[in-house]
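Okay, so here's the structure we're looking at.
What follows is calculated from the coordinates using simple rules that are stated; it is not laboratory data. What you see is a predicted model, and the numbers here were worked out from it, not measured in a lab. Using ideal geometry, Cβ is built from the backbone for each residue, glycine included, and neighbour counts are taken over all protein chains shown.
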Amino acid sequence: MSLILVCGEENDLCRALRASGVEFRRSDDAARAVSRAASGDGVLVLAEQYPKVQTDVEPGVYDAAERAGLRLYVEYPRAVPGVALGETREAEWERVVVSSDAFLPAIERLRILSMHQCRSIVCEADHPHLVSARVAGFDRAVYGIPDAALPVLFSADSTTLIATTKLSGFVTGRYAPAVAWTEVWRWILSWACHGLMTPGLRFTPTVRPAYGADEHLPADAEADALRRGVTWFSRARLLIHPDWSDEARGRLESFHDGTGPGPEAQRPTGDGSCGMIEGASSRVHPDGSQDWRYHLRGDCMSESAMAIAALAAVEDDPAGGEVAKSLLDFVLVDSVLATGPRSDPQSPSYGLLAWTTLPPADGVYYGDDNARVMLAAMTAAGLLEVERWDERVSRCLLANLRTTGPSGFRGRRLEEADLRERGWRHYRELDRLHFAPHYESWLWACYLLAYRQSASEAFRDCAYSGIRLTMDAYPHEWRWTNGMQQERARMLLPLAWLVLVDDRPLHREWLHRVAADLLEGQDSCGAIAEEVGTEGHGSYGPPQSNEAYGTAEAPLIQENGDPLCDLLYTSNFAFIGLHEAASATGEPFYAQAADRLAGFLCRAQVRTQAHPELDGGWFRAFDFRLWDYWASNADEGWGAWCIESGWTQGWITTTFALRAMGASLWDVAGGGASGGPVGSHLKRLLPLML
């Protein structure tokens with residue numbers, strides 16, 4: 001008995017079998033392979049030209065294989081005797097689901113797998129082993145398999161196994177989770193060998209965590225994570241160069257949701273003066289590449305500039321500092337984000353910063369996004385010892401303060417049209433309650449920092465009122481966005497800084513309570529597990545049906561207990577929050593948790609040679625039980641495999657830099673050459689704007 005693979009030398013299965021020490025023969029022609037095979041052999045005809053060309057296997061080859069007593073496996077075939085094959089179809093939200101007990105005990109029925117952008121042939125089959133279907137669930141189809149599911153792997157007869165797509169692209173295509181696909185192939189190979197052997201496979205994923213879960217970290221692991229995390233911005237060619245700035249704008253306007261291929265490897269990297277695109281989309285192609293989001297967002301660009309400035313400060317790199325300055329100049333001075341009505345002192349939106357450069361979002365103002373722009377700019381100013389953005393940040397602080405209600409809440413977002421109609425005083429007098437730290441809490445952190453720099457009680461009182469009312473409502477009245485853990489993570493920063501402003505037992509108790517609840521979900525590896533909050537209080541909960549999967553923003557988990565860490569909404573903000581809590585209180589409880597999280601982040605960082613544009617990034621999702629990039633990919637915008645330049649890369653790398661410098665964000669952002677961005681500018685602007 002032997003295995004015969006009909007494929008090229010570089011096919012993933014071919015390479016994995018060699019690496020695993022499994023003997024096989026290879027052929028370039030299916031008919032020749034079958035004619036030379038002996039009874040009992042297994043012949044695997046693999047899809048070499050997927051997804052463009054289906055595999056041609058003549059009907060006589062199937063007959064010859066049956067007469068010779070062979071087991072025949074064919075991928076992505078153009079024709080199969082006795083099976084009606086239809087058109088090919090590309091998956092959008094469909095996932096691969098185990099639909100039989102064939103893979104037991106390793107893989108149970110209803111287990112979900114991923115083949116990114118799977119293109120498969122439409123057909124009908126009785127009792128398929130794998131199907132493609134739109135299903136909700138973390139790793140199990142919790143609502144079952146819908147009737148519209150299409151076969152992916154099925155038995156055409158007792159000696160023929162058909163895959164309607166290319167299963168053998170599991171390495172190049174980054175099929176996930178890797179351990180599950182190993183078991184799928186163990187079963188296929190065992191079937192091809194008549195069960196006489198169950199060969200295992202050893203392969204290294206092309207995109208993988210930097211270290212294993214139990215692997216010893218070198219002494220310079222954090223320094224390396226910082227350097228690789230910041231150089232990712234240029235390696236991924238996010239910084240727009242003048243040579244392709246018009247093309248970047250065209251892609252933003254023409255691509256669906258501003259998301260599409262590139263930037264290509266030959267593109268020159270900009271210096272920050274033309275801005276920076278947002279990051280990697282979660283859409284992965286069969287060749288393992290990903291789409292990119294071409295949006296130019298003020299928050300993401302500012303946070304990235306902060307990270308670039310942080311590495312420049314740690315490594316004494318003036319060139320990096322100049323890139324950070326140019327990027328912040330673009331956001332705060334030159335771009336539409338800060339110009340137009342936002343630069344007109346008579347406008348009610350004076351001083352605010354727009355969400356993105358693309359209409360109509362250039363008239364949308366999120367307080368949370370504005371807060372992160374301000375914190376990033378103040379931090380970069382402190383690191384680079386410059387004063388050039390002080391007045392702009394002061395305007396933004398006051399613009400947000402004057403659109404925050406008397407109880408300290410600003411709401412999710414404001415829009416230009418509403419501001420023009422109602423004026424800013426309407427929002428200043430609107431007494432609302434909005435217990436949603438995701439949207440509110442980092443503005444409070446900014447206000448506390450402004451109070452430190454200016455002694456203006458208006459900032460202090462606004463922040464304190466919002467924090468006090470929110471803590472009185474914790475946890476049952478909190479509104480969570482994608483999960484409860486992200487709300488706790490966001491709340492750490494203002495609570496830590498409140499201790500610095502007013503150190504009393506109640507404030508320390510608030511901080512400890514939120515941190516302790518957050519850290520109940522911290523695994524021994526350092527990862528912080530996600531948690532869905534009280535039903536009815538969430539903006540974007542897990543999908544409640546198969547049909548709802550992919551139709552809205554969503555958590556990465558389906559239910560509490562799923563071993564998932566979110567590096568876009570929770571762990572990134574928890575990292576800086578815990579760092580600041582440790583600095584503010586001096587308590588080991590926070591420092592030790594931050595150390596554990598730092599170790600996890602070093603290990604989970606992406607390492608890849610095949611896709612250098614991803615190397616050094618942190619995907620949104622990480623399954624810390626499988627130790628793989630895996631999750632429910634239900635979020636319509638920011639899925640499991642996205643890399644967000646600002647929220648994720650910006651705050652993780654900046655926190656690593658602060659740890660390296662032995663500094664706190666409170667001191668760096670509150671210092672700088674002018675003693676902070678408020679100072680004399682605030683004294684002049686406050687009576688004018690309020």
Dividing the mean separation of Cα pairs under 8 Å (6+ apart) by the residue count of the range 3-205 yields a relative contact order in percent of 22 percent
In this structure, the FRET efficiency calculated for Arg25 and His194 from their beta-carbon separation, with R0 = 22 Å, to the nearest 0.05, is 0.85
Bridge orientation stat for the range 3-205 from DSSP, antiparallel percent rounded to 5, came to 55 percent
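Could you grab the relative contact order for the chain? Cα pairs under 8 Å, six or more apart, rounded to a whole percent. Each step should come with its number before you reach the end.
Values: 1534 pairs, mean separation 96.9, N = 690.
Computed over the chain, the figure is 14 percent.
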Computed on Cα atoms, Rg of the range 3-205 relative to 2.2 N^0.38 Å comes out at 0.95
From DSSP H assignment alone, runs of 4+ in the chain each adding -39500 (n - 2.57), the sum over residues rounded to the nearest 500 puts [θ] at 222 nm at -12000 deg cm²/dmol
Distance in Å, no decimals, from the C-alpha centre of the range 170-246 to the one of the range 344-365 is 41 Å
Rounded to two decimals, the Debye log10 I(q)/I(0) of the range 87-131 (Cα scatterers, no solvent) at q = 0.16, 0.17, 0.21, 0.25 Å⁻¹ is -0.46, -0.52, -0.75, -0.94
Rounded to whole angstrom, the alpha-carbon centroid of the range 55-126 lies from that of the range 463-487 at a distance of 49 Å
Restricting to lysines and to Cα separations under 21 Å from Lys52, and discarding same-chain partners fewer than 8 apart, the set is Lys166
Reduced to Cα centres, the span from the range 374-392 to the range 614-663 in Å works out to 25 Å
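Arrange the peptides 450-456, 491-497 so that the one whose residues have, on average, the most other Cβ atoms within 10 Å appears first.
Numbers: 450-456: 21.3, 491-497: 29.4.
Averaged packing, sorted descending, gives the order 491-497, 450-456.
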Non-local residues with an amide H under 5 Å from the amide H of Ser27, with H modelled 1.01 Å from N and Pro and chain starts lacking one, are Leu5, Val6, Cys7
Most exposed first, judged by fewest Cβ atoms within 10 angstrom, Tyr569, Tyr439, Tyr211, Tyr447 run Tyr211, Tyr439, Tyr569, Tyr447
Residues Trp618, Trp187 in order from fewest to most other beta-carbon atoms within 10 Å are Trp187, Trp618
Computed for the chain: size of charge dipole around the Cα centre, +1 on C-beta of each Lys and Arg, -1 on C-beta of each Asp and Glu, debye to nearest 20, value 440 debye
Whole-Hz Karplus couplings 3J(HN,Hα) for the range 129-136, θ = phi - 60° and coefficients 6.51, -1.76, 1.60, Gly and Pro as x, run 8, 10, 10, 10, 7, 7, 9, 8
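Within 10 Å of each residue's Cβ, count the other Cβ atoms and sort Lys325, Lys683 from fewest upward. Mind showing how you got there, number by number?
Details: Lys325 23, Lys683 13.
Going from least to most buried by this count: Lys683, Lys325.
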